[in-house]
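Notes follow the structure.
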Amino acid sequence: MKTYTYTEKKDTRSGFGAGLAELGRTNTNVVALCADLIGSLKMDQFIEENPDRFFQVGIAEANMMGIAAGMTIGGKIPFTGTFANFSTGRVYDQIRQSIAYSGKNVKICASHAGLTLGEDGATHQILEDIGLMKMLPGMTVINTCDYNQTKAATIAIAEHNGPVYLRFGRPAVPVFSAKNQKFEIGKAVLLTEGTDVTIVATGHLVWEALEASKVLYEKGISAEVINIHTIKPLDDKAILDSVSKTRCIVTAEEHNYLGGLGESVARVLAKHNPTPQEFVATNDTFGESGTPAQLMEKYGLNSEAIIKATENVIKRK
């Protein structure tokens, strides 16, 4: 069994900041906009090196989306930055009408997603954003797992023509993916091969899935772990190839099970290969205030929950 280790923990939002700074040096069409959260989005380096390509919009997220849409007409590639809740729920009408409807080349970069925003509580946490964004025609939806992958994804989406929703987080998490990886939109990453169960995970739950696979291995269960960093377009082939071997699947995400990765996977399976599936996700609920670790445990978004879901789904084969 292939195992993964890490030597440091870093927040994925810093990966975004590093990727944006690199784009600032290599692509003169890249511009950045922020809704009064420069430090939280780690945009400081880009601003220091490219002050004339940064626009502080203030606490006016809807206006930021409209400005970004307009900039694309002149050939610019705008990267907008604010919390995931304010990047989607607060500005859904502007994204739909001004960006998605006409396929504008805007990169909507959303930090502090999910429960791991922590102590700021339910009003700032969002567990519906993947569902909101994946339903918009033509919108690419990406949810990265660690610092290195977030940096690579940030750089990659600048080359993609069309609107993108890039989702990342606040807490420091293990850095285990390759430092100089090539990020391919829509291409899942097979992390470990297995024969008894498929575990597909996204975002912060990818590391939890790897931790779960170690425990499952000790119990005699061979888990195939796949990192689904792109939720739309989904890598249908990777999922179907895996379940053709394992004949059952667990999906894991820091999101409501309604509208998230799990439902996208269920659609693929229902159409091509009906397969027993268990969902590790929040259960139609808002979050609350607490540390990220406390919230992940309370809402069943950790390796223990993945282990339990795996044992349940194997019984259903």
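The values are calculated or read from the model by the stated rules, or taken from the named source; none is laboratory data. All values derive from a computational prediction rather than experimental measurement. Every residue, glycine among them, receives a Cβ derived from its backbone with ideal geometry; neighbour counts consider all protein chains shown.
Can you tell me which residue within the stretch 50-99, out of those that are aliphatic (A, V, I, L, M) and more than 23 Å from the chain's Cα centre (by Cα), is farthest from Arg13 (Cα to Cα)?
Out of the qualifying residues, it is Ile73.
Would you pick out the residues in the stretch 156-212 that are under 30 Å from Ile73 (Cβ atoms) and acidic (Asp, Glu)?
Glu159, Glu184
Mind counting the residues in the stretch 76-86 that are of a type outside the set (D, E, K, R) and closer than 19 Å to Ala156 by Cβ?
5
Tell me which residues, restricted to the stretch 248-277, are out of contact with any helix residue (DSSP H, G or I) (no Cβ under 9 Å at 6 or more places or on another chain) and either of a type in the set (Val, Ile, Thr) or in contact (Cβ under 8 Å) with a residue 60 or more places away in the chain (or both).
none
Report yes if Lys245 is within 23 Å of Lys187 (Cα to Cα) and surrounded by fewer than 21 Cβ atoms within 10 Å (Cβ to Cβ), otherwise no.
yes
Does at least one position in the stretch 151-165 carry a residue that is of a type in the set (Phe, Trp, Tyr), assigned by TED's automatic domain parsing to the domain that holds Thr310 and in contact (Cβ under 8 Å) with a residue 12 or more places away in the chain?
no
Within the stretch 199-218, can you find the residues that are more than 22 Å from Asn256 (Cβ to Cβ) and either among the β-branched types (Val, Ile, Thr) or crowded, with 24+ Cβ neighbours inside 10 Å (or both)?
Correct list: Leu210, Ser213, Val215, Leu216.
Regarding Gly19, is this residue surrounded by 15 or more Cβ atoms within 10 Å (Cβ to Cβ), in contact with a Phe, Trp or Tyr (Cβ under 6 Å, 6 or more places away or on another chain), assigned by TED's automatic domain parsing to the domain that holds Ser111 and over 11 Å from Gly81 (Cα atoms)?
no
In the stretch 81-94, is there at least one residue being surrounded by fewer than 21 Cβ atoms within 10 Å (Cβ to Cβ), within 27 Å of Thr26 (Cβ to Cβ) and not β-branched (Val, Ile, Thr)?
no
For the stretch 225-237, state whether one or more residues are in contact with a helix residue (DSSP H, G or I) (Cβ under 7 Å, 6 or more places away or on another chain), touching a residue at least 40 places away in the same chain (Cβ under 8 Å) and of a type in the set (Val, Ile, Thr).
Yes, the stretch 225-237 has at least one match.
Right, Met43: buried (at least 20 other Cβ atoms within 10 Å of the Cβ) and either in the same structural domain as Val164 (by TED's automatic domain parsing) or over 15 Å from Leu166 (Cβ atoms) (or both) or not?
yes
Sort through Ala252, Ala238, Ala270 and tell me the only one that's under 15 Å from the mean Cα position of the chain (by Cα) and at negative phi.
Ala252
Which residue pairs have Cβ atoms under 8 Å apart, sit 6 or more places apart or on different chains, and have a first residue in the stretch 298-315 that is of a type in the set (Phe, Trp, Tyr) and a second that is buried (at least 21 other Cβ atoms within 10 Å of the Cβ)?
Tyr299/Leu115; Tyr299/Thr282; Tyr299/Gly287
Tally up the residues in the stretch 219-231 that are surrounded by fewer than 20 Cβ atoms within 10 Å (Cβ to Cβ) and at negative phi, please.
Residues in the stretch 219-231 being surrounded by fewer than 20 Cβ atoms within 10 Å (Cβ to Cβ) and at negative phi: 3 in total.
For residues that are in a strand (DSSP E or B) and within 20 Å of Leu136 (Cα to Cα), tally how many sit in the stretch 148-201.
4
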